[in-house]
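This report concerns only the one structure given below.
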Amino acid sequence: MATKKGSKAVVKSTVQIMKEKTAARAKQARKPGASPKKAAVPKAEKGPAKKGMSARLIAQVAAAPKAYATDDLKYFREMILAKRKETIEELDSLKESMMDVTTGEYISESSNYSLHMEQGTDAMEREKTFLFASRGSKFVNQLDDALARIEAKTYGVCKTCGLLVPKERLEAVPTAQTCAEYKNTGLPCEKGRIALAKKKAGK
């Protein structure tokens, strides 16, 4: 009997210890100042890094060139002329497919031929062709505008902040007049914001 009682006493004391530990942990978690202390560490680490980053960006914006060099403009000009030639060739091919072989005239989008029920598939294809031709013509006009900016030595200058659009973006989209971030979000990139702030302060 004594052993049994002793065993119960041991079990009871163990349970009691566990309860006390749990209560102590809960009390510690509720202590004022515990959480803020933890949050203060990243704040202290972040501050100087962010300041240093901003200082570097400001220095980069101040030292950034205001226009692309002559060699770069020559490279862009050749690239755009090649793209223009390719687009015009595609347009000529599209125009041929839009021509009525019996009359030698271009078929208008609203012609009886394109609306004829028996030619439903042809009408759909013709509509796509007109759309591609319209886009192609618009693209050629944009390329011509880009060539005019090259002649004026303003090609690649962002029309929003005045910084140079990255070369990689101009290679991918030769008609681009802003950085990708502004195009996608309608907001200037971080460097752009710094440049705009400097411009505003200088007024």
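The values are calculated or read from the model by the stated rules, or taken from the named source; none is laboratory data. The shown structure was predicted, so the numbers you read here are calculated from the model rather than taken from an experiment. Here Cβ is always computed from backbone atoms with ideal geometry, including for glycine, and neighbour counts include all displayed protein chains.
Overview of values
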| quantity | calculated |
| --- | --- |
| Verdict on Ala62 being among the small types (Gly, Ala, Ser), within 30 Å of Ala197 (Cα to Cα) and either modelled with pLDDT under 90 or in a loop (DSSP other than H, G, I, E, B) (or both) | yes |
| Residue in segment 164-181 that is hydroxyl-bearing (Ser, Thr, Tyr), modelled with pLDDT of 90 or more and surrounded by 13 or more Cβ atoms within 10 Å (Cβ to Cβ) present | yes |
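The rows are residues; the columns are (1) in contact with a Pro (Cβ under 9 Å, 6 or more places away or on another chain); (2) modelled with pLDDT of 95 or more; (3) surrounded by 15 or more Cβ atoms within 10 Å (Cβ to Cβ); (4) not β-branched (Val, Ile, Thr).
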{"residue": "Lys74", "(1), (2), (3), (4)": "no, yes, no, yes"}
{"residue": "Glu78", "(1), (2), (3), (4)": "no, yes, no, yes"}
{"residue": "Leu81", "(1), (2), (3), (4)": "no, yes, no, yes"}
{"residue": "Arg84", "(1), (2), (3), (4)": "no, yes, yes, yes"}
{"residue": "Thr87", "(1), (2), (3), (4)": "no, yes, yes, no"}
{"residue": "Leu91", "(1), (2), (3), (4)": "no, no, yes, yes"}
